[in-house]
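Below is one structure, written out as structure tokens; the observations come after it.
The values are calculated or read from the model by the stated rules, or taken from the named source; none is laboratory data. Predicted model, so just to flag it, every value in this text is computed and none were measured. Positions of Cβ are generated from backbone atoms using ideal geometry, with glycine treated the same way; all protein chains shown enter the neighbour counts.
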Amino acid sequence: MARVTVPSIRARKGIEKIAMVTAYDYPGAKLASEAGIDIILVGDSAANAVHGFDNTLSISLEMMTHHVAAVARAEPHSLVVADMPWMSFHVSPEETVRNAATLIRAGAEAVKIEGGAERIPHIQRLLAAEIPVMGHLGLTPQSIHAEGGYRIQGRRLDTARQIIQDAQALDETGVFALVLEGIPEVVTSVVTERISAPTIGIGAGISADGQVLVFHDLLGLGFGRYPKFVRQYADLRTIATDALRRYCNDVRAGRFPSQKETYSVDASLEDALSGDTPSNASASSF
Ligand code: KIV
């Protein structure tokens, strides 16, 4: 499969929809790549999906760097985009570039940052350092405390217009793609029509240029309630629990391991060993 690049994603606008999924480790990235996924987002949703935190604010740059490196080691054909965690870009543009460079050196090919026009100076510095940037507007999970929870955005005329304005500002600044999360379909449709970068929706309706879902939600590996916009394509939690339960039962019943799963030696060695007494065993060649 040909490698997906930032320019090839830009060129897909209006031609072919883009499939993006999160992944946080080597097997996840291998699976996504083998399935033909275009973009792997090493999302800060790793905080919830993998580390069991309540929100994404708890994941650090160092933790994200480990996830990015594990994904990159899978050498996926998919483009690898790293989420910049909270407080890694709520600092000076210089420090933002240094933090982004850590993720790029770990194997990311682009970074994603949440927020609107207020992020422009940071995005400009990242682009000047040759780091492609994906934007993220609408419901931005890092704003959980400022918003008082996870709330669908853009339901009023003023907030819908704000999202559209921010999208245009980010597009003019040069983001190569824009995630739209938790907004009404009509807002997605207007943004998608007005900007040159592809939009990638999550809970944002069908008119986006692509879609993204969290790996664990899509595969049914989550432990909470799934949001309305999630389509669960598999129930791996049930499959995995069943497999682990059968393993438990087999161990306890002495059915695992079988002869086929066991290493053996020549019968003569077996005889010699079983004839050993504790005193001559210590003198054996082992
Ligand atoms: O971290 C994440 O999973 C994300 C997606 C929801 C877009 O930012």
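A few notes on this one:
- Checked against (1) closer than 24 Å to V71 by Cβ; (2) away from the ligand (no atom under 13 Å from the Cβ); (3) touching a strand residue (DSSP E or B) at 6+ places or on another chain (Cβ under 7 Å); (4) among the small types (G, A, S), G116 passes all but a single condition, namely (1).
- A single entry from A23, A72 fulfils the requirement of being within 15 Å of the ligand (Cβ to nearest atom) and at pLDDT 95 or above: A23.
- Test: residue in the range 245-256 that is out of contact with any helix residue (DSSP H, G or I) (no Cβ under 9 Å at 6 or more places or on another chain), charged (D, E, K, R) and within 27 Å of R151 (Cα to Cα): no
- If the condition is being hydrophobic (A, V, I, L, M, F, W, C) and under 19 Å from P7 (Cα atoms), then the range 73-112 contributes L79, V80, V81, A82, I104, A108, A110, V111.
- Hits in the range 151-165 (condition: in contact (Cβ under 8 Å) with a residue 40 or more places away in the chain and in a loop (DSSP other than H, G, I, E, B)): I152
- Residues being surrounded by 18 or more Cβ atoms within 10 Å (Cβ to Cβ) and not hydrophobic (A, V, I, L, M, F, W, C) - total across the range 14-24: 2
- Cβ-Cβ under 8 Å pairs, at least 6 apart or on other chains, the range 78-92 side touching a residue at least 60 places away in the same chain (Cβ under 8 Å) and of a type outside the set (A, V, I, L, M, F, W, C), far side in a strand (DSSP E or B) and within 14 Å of the ligand (Cβ to nearest atom): S78/I39; S78/I40
- Members of the range 11-29 found to be outside any strand (DSSP E or B) and within 20 Å of the chain's Cα centre (by Cα), listed by number: K17, A23, Y24, D25, Y26, P27, G28, A29
- The lone exception for R3 - which of (1) surrounded by fewer than 14 Cβ atoms within 10 Å (Cβ to Cβ); (2) within 16 Å of the ligand (Cβ to nearest atom) it fails: (2)
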